[in-house]
Amino acid sequence: MSDFQDAGYQKTFRHTSAHILAHAVKRLFPGAKLAIGPAIENGFYYDFDRDEPFSVTELSQIEDEMKKIVRERLPIERFELDRAAARALMIEKDEPYKVELVDELPDDAVISFYRQGDFVDLCAGPHLEDTGAVKAFKLTQTAGAYWRGSEKNKMLHRIYGTSFPDKEQLKAYLAMVEEARKRDHNKLGRELGYFTTVDYIGQGLPILLPKGARVIQLLTRFVEDEEEHRGYQLTKTPYMAKSDLYKISGHWQHYREGMFIIGDPEQADTTEVLAMRPMTCPFQFQAYLTKTRSYRDLPIRYNETSTLFRNESSGEMHGLIRVRQFTISEGHLVVAPDQLEKEFRDCVDLARFMIDALGFQDDVSYRFSKWDPTNTAKYIGDAKQWDAVQDTMQVILDHMKLDYTTAIGEAAFYGPKLDIQIKNVFGKEDTLITIQIDFQLAERFGMEYADRDGEKKHPIVIHRTSIGCYERTLALLIEKYAGALPLWIAPEQVRVLPISEKHLDAAAELKERLVRAGFRVEVDNRDEKIGKKIREAQMEKVPYMLVLGDQEVADGTVAVRARKEGDLGAQTVDSLIERLREEVATRKNT
RNA sequence: GCCGAUGUGGCUCAGGGGUAGAGCAAUUCACUCGUAAUGAAUAGGUCGUGGGUUCGAUUCCCACCAUCGGCUCCA
């Protein structure tokens with residue numbers, strides 16, 4: 001059964017599990033119509049059309065029925081039909097979604113079906129030989145899901161589940177999910193006091209509490225300093241603009257539903273219509289436009305710690321990962337064509353530098369996001385322009401030997417993107433960083449430079465971020481380190497724990513000394529037992545705890561306790577400072 | 001926006017048509033403490049918001065808001 005490690009076998013196993021689920025549902029609820037039921041990363045699902053959603057009780061009834069089907073060890077047989085016969089069979093079975101699927105296959109297709117007992121499903125397979133192997137499974141949740149993934153279609157009822165060859169593996173998996181849940185930034189981040197939300201402020205508008213705000217401040221300084229070293233110039237641009245600006249950029253035509261608009265666009269003749277900015281590009285371009293530019297001025301690299309506002313649909317908000325107001329390490333590079341590749345590479349290099357600094361290097365994947373040529377209305381520019389810029393980007397990516405996947409339809413409306421994705425604790429990927437090549441907006445905004453030959457030319461713009469959006473970065477940090485952020489970025493680096501009230505003065509003095517040395521220090525001055533103070537500092541994931549009692553005060557030392565290593569014994573303050581400095585400088589993850 | 005679940009003091013949760021409890025946390029006093037959970041006392045909630053039904057609602061109904069899990073969309 002170690003076959004289960006094999007991805008192909010696992011997929012087959014889960015797919016058969018999905019059929020068992022569908023079989024059970026058809027037995028219990030014959031009126032439910034079958035849609036599709038694939039294997040997915042950690043299990044499987046099946047979509048059903050039914051008037052009522054599945055309740056918790058029904059879910060456990062279905063599980064019981066599935067157990068029966070497994071115990072029956074039903075052989076699974078494949079058979080094939082031509083299209084007409086397949087269609088007839090699905091009509092006879094009264095499965096309209098299956099009929100729709102059959103209709104899309106070519107006329108001469110030979111269509112496969114799988115049968116287990118009285119259950120027959122249109123399916124490409126493959127499947128296990130019988131239903132008996134699926135010894136351990138669990139239906140994990142129900143959810144609504146659109147037929148064929150389009151919001152224009154009917155919403156079906158999806159049942160998610162997972163399955164394993166034996167109970168131990170299922171148990172281990174569920175324990176792992178439980179463990180991941182404890183690291184969920186949305187739970188841990190609130191518990192540890194990084195952020196909160198308030199219902200009368202609104203969705204997607206989190207309050208960053210002192211700890212969260214401090215981490216973001218530290219990250220922002222780090223990013224701005226590094227970018228300055230790399231030749232960026234900082235701008236500060238307005239958070240809103242008249243609709244006129246967005247009409248030039250194309251946001252008004254292509255991104256309007258994503259913007260917060262102030263004023264009534266229907267009354268545009270008499271009322272000034274403003275919109276909060278969803279992106280920084282059109283603002284930062286204005287810096288370029290303040291004077292005439294020569295090829296000698298290029299490349300120009302602008303950066304900005306930029307707060308953006310996007311009117312996401314109400315069901316999309318999630319913790320700090322998906323919000324309506326967020327701050328991004330924004331930047332735009334204005335470059336000549338012969339500078340494009342080098343500058344693009346440098347952007348990737350900067351992104352990697354940041355990823356390494358945060359310790360995310362093992363959780364990264366790259367995605368080349370292209371436009372969708374079948375939905376040209378979503379984008380500005382024509383196919384020729386898109387092909388040209390995508391080819392250019394492809395060449396650069398291939399030169400870099402980046403291992404990337406390609407995603408159709410994920411481009412920005414003005415150009416293709418390289419998305420750098422980070423896996424979170426649940427294995428789900430989110431885009432943290434994106435680097436885009438844009439051949440179009442410079443022309444729209446009339447950005448030019450005089451080239452060597454004296455001709456006015458439009459530059460190319462690289463839109464990029466170096467560390468992504470700070471809120472999301474914070475969320476990923478909390479999950480990655482289970483709240484125990486590396487020392488260099490920990491909101492509270494050291495907590496001084498006086499043993500009794502008579503040590504309070506010494507504690508204050510020690511704090512002062514460490515603060516002057518550049519560390520973030522708090523004193524626990526409550527009248528509590530030392531054990532309790534240590535316990536709480538540990539729960540709050542403070543990297544270093546300094547215990548101060550009679551002996552330490554007499555010796556001029558501190559008893560050091562580290563978050564991970566535990567007791568480090570008595571040290572002089574100077575040697576402690578040296579240790580902390582070293583750890584901060586190397587950005588170690590301890 | 002769509003489907004579903006949830007919403008009781010800082011946290012975890014109980015309760016239930018007659019205007020609310022427990023544990024932990026907090027505050028005060030005692031204890032002056034070397035790795036949490038001694039003793040005593042105190043404080044804290046218009047039971048998410050707004051309507052409706054009712055003599056009376058936190059408990060029933062409706063709407064809205066927020067949170068969570070998905071779908072769609074996206075940094």
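The values are calculated or read from the model by the stated rules, or taken from the named source; none is laboratory data. Predicted model, so just to flag it, every value in this text is computed and none were measured. Ideal geometry is used to build each Cβ from the backbone, glycine not excepted, and the neighbour counts take in all protein chains shown. Accessible surface is based on the protein model in full, side chains and every heavy atom, while ligands, DNA and RNA are left aside. Shrake-Rupley method; radii C 1.70, N 1.55, O 1.52, S 1.80 Å.
Give me the accessible area per residue for chain A, probe 1.4 Å, as a whole number in Å².
Details: 28340 Å² over 590 residues.
For chain A, the solvent-accessible area averages 48 Å² per residue.
Show me, bin by bin at 5 Å from 0, the whole-percent P(r) of the stretch A:166-318 based on Cα pairs.
Going out from 0 Å in 5 Å bins, the stretch A:166-318 shows 2, 7, 11, 12, 14, 14, 13, 9, 7, 5, 3, 2, 1, 0, 0 percent.
Anything over 21 Å Cα to Cα? Flag those among A:Lys11/A:Lys182; A:Lys11/A:Lys33; A:Lys138/A:Lys167; A:Lys242/A:Lys456, in the order listed.
Working: A:Lys11/A:Lys182 28 Å; A:Lys11/A:Lys33 23 Å; A:Lys138/A:Lys167 10 Å; A:Lys242/A:Lys456 29 Å.
A:Lys11/A:Lys182; A:Lys11/A:Lys33; A:Lys242/A:Lys456, as the Cα separations exceed 21 Å there.
Taking 0.36 nm per residue of sequence separation and subtracting the Cα-Cα distance, how much length would be gained by fully extending the chain between A:Glu80 and A:Glu582, in nm to one decimal?
On the way: separation 502, 0.36 × 502 = 180.72 nm, distance 6.83 nm.
Taking 0.36 nm per residue and subtracting the Cα distance, the gain is 173.9 nm.
Considering every pair of different Cα atoms, what Kirkwood radius, in Å, is found for the stretch A:131-252? The partial results should precede the final answer.
Working: mean 1/r = 0.0488 Å⁻¹.
Kirkwood hydrodynamic radius for the stretch A:131-252: 20.5 Å.
Given points 7 Å out from each Cα along the Cα-Cβ axis, report the A:Ser575 to A:Ala88 separation in nanometres with one decimal.
Between A:Ser575 and A:Ala88, the simple spin-label model gives 9.0 nm.
For chain A, what is the percent of antiparallel DSSP beta bridges, rounded to the nearest 5? Don't skip to the answer; put the middle values down first.
Numbers: 86 of 102 bridges.
About 85 percent, rounded to the nearest 5.
From the C-alpha gyration tensor of the stretch A:159-224, pull out the three semi-axes of the equivalent ellipsoid (sqrt of 5λ each), sorted largest to smallest, in whole Å.
On the way: eigenvalues 246, 54, 22 Å².
Semi-axes, largest first: 35, 16, 10 Å.
For the stretch A:380-536, compute Rh as the Kirkwood radius over C-alpha pairs and then the Stokes-Einstein diffusion coefficient at 10 °C and 1.306 mPa s; write the answer in µm²/s, rounded to an integer.
77
Please list A:Glu316, A:Glu582, A:Glu552 in order of solvent-accessible area, largest first, computed with a 1.4 Å probe with all protein chains present. Don't skip to the answer; put the middle values down first.
On the way: A:Glu316 70, A:Glu582 110, A:Glu552 30 Å².
Result, largest first: A:Glu582, A:Glu316, A:Glu552.
What value, in deg cm²/dmol to 500, does the helix sum -39500 (n - 2.57) over DSSP H runs of n ≥ 4 give at 222 nm once divided by the residues of chain A?
Details: 18 runs with 214 residues, N = 590.
One gets -11000 deg cm²/dmol as the mean residue ellipticity at 222 nm.
For A:Gln538 paired with A:Val395, estimate the spin-label separation in nm (one decimal), with each label point 7 Å from Cα along the Cα-to-Cβ line.
6.0
Based solely on C-alpha atoms, express the radius of gyration and the Dmax of the stretch A:454-590 in angstrom.
My reading of the Cα-based Rg and Dmax gives 19.9, 79 Å.
In whole Å, largest first, what are the principal axis extents of the Cα atoms in the stretch A:303-405?
Projected onto its principal axes, the Cα set of the stretch A:303-405 covers 39, 39, 27 Å.
Can you tell me which lysines have their Cα less than 20 Å from the Cα of A:Lys502? Leave out same-chain residues fewer than eight positions away.
In chain and number order, the partners are A:Lys511, A:Lys529, A:Lys532, A:Lys533.
Would you mind telling me the share, in percent, of accessible area of the stretch A:505-545 contributed by carbon and sulfur at probe 1.4 angstrom? The partial results should precede the final answer.
Details: 1060 of 2470 Å².
Percent of accessible area from carbon and sulfur atoms in the stretch A:505-545: 43.
Between the alpha-carbon centers of the stretch A:431-483 and the stretch A:174-242, tell me the distance in whole angstrom.
What the calculation gives is 20 Å, centre to centre.
Pull out the extension gain between A:Lys342 and A:Leu28, defined as 0.36 nm times the separation in residues minus the alpha carbon to alpha carbon distance; nm, one decimal. Please report the intermediate quantities before stating the final value.
Numbers: separation 314, 0.36 × 314 = 113.04 nm, distance 6.24 nm.
Here the segment from A:Lys342 to A:Leu28 would lengthen by 106.8 nm.
How would A:Met155, A:Met279 rank on accessible area, largest to smallest, probe 1.4 Å? Please report the intermediate quantities before stating the final value.
Numbers: A:Met155 85, A:Met279 25 Å².
Ranking A:Met155, A:Met279 by accessible area, largest first, yields A:Met155, A:Met279.
On the Cα set of the stretch A:321-374, report Rg and Dmax in Å, please.
14.6, 40
Points 7 angstrom from Cα along the Cβ direction at A:Asp130 and A:Asp349: gap in nanometres?
6.3
What is the P(r) of the stretch A:419-468, as percent of Cα-Cα pairs per 10 Å bin from 0?
23, 30, 23, 15, 7, 2
Quote to one decimal, in nm, the extra length available between A:Arg221 and A:Glu257 on full extension: 0.36 nm per residue of separation minus the C-alpha distance between them.
Details: separation 36, 0.36 × 36 = 12.96 nm, distance 3.29 nm.
Roughly 9.7 nm would be gained on extension.
Along its principal axes, what span do the Cα atoms of the stretch A:56-160 show, with the longest given first and each in whole Å?
40, 36, 22
Would you pull out the residues with amide H under 5 Å of A:Gln233's amide H, same chain only if 5 or more places away, H placed 1.01 Å from N?
Amide H neighbours of A:Gln233: A:Arg301, A:Tyr302, A:Asn303.
Compute, for A:Asp349, the solvent-accessible surface of its heavy atoms (probe 1.4 Å) with the complete set of protein chains present, and express it in square angstrom to the nearest 10.
Taking all protein chains as shown, A:Asp349 has close to 80 Å².
Cross-link candidates for A:Lys378: which aspartates and glutamates have Cα within less than 12 Å, leaving aside residues fewer than 8 places away along the same chain?
A:Glu410
On a 1.4 Å probe surface of the protein chains, which of A:Ile467, A:Ile248 comes out largest in accessible area, and what is the full order?
Working: A:Ile467 0, A:Ile248 75 Å².
Descending order: A:Ile248, A:Ile467.
Ignoring solvent entirely, what values of log10 I(q)/I(0) come out of the Debye formula for chain A at 0.05, 0.08, 0.10 Å⁻¹ when each Cα is a single scatterer?
-0.31, -0.76, -1.06
Which three extents, in whole angstrom, do the alpha-carbon atoms of the stretch A:240-311 cover along their principal axes, largest first?
Ordered largest first, the stretch A:240-311 gives principal extents of 45, 25, 18 Å.
With no solvent and one equal point scatterer placed on each C-alpha of the stretch A:30-102, evaluate the Debye formula and give log10 I(q)/I(0) for q = 0.12, 0.19, 0.24 Å⁻¹, two decimals.
With no solvent term, the Cα-only Debye profile gives -0.46, -1.10, -1.28.
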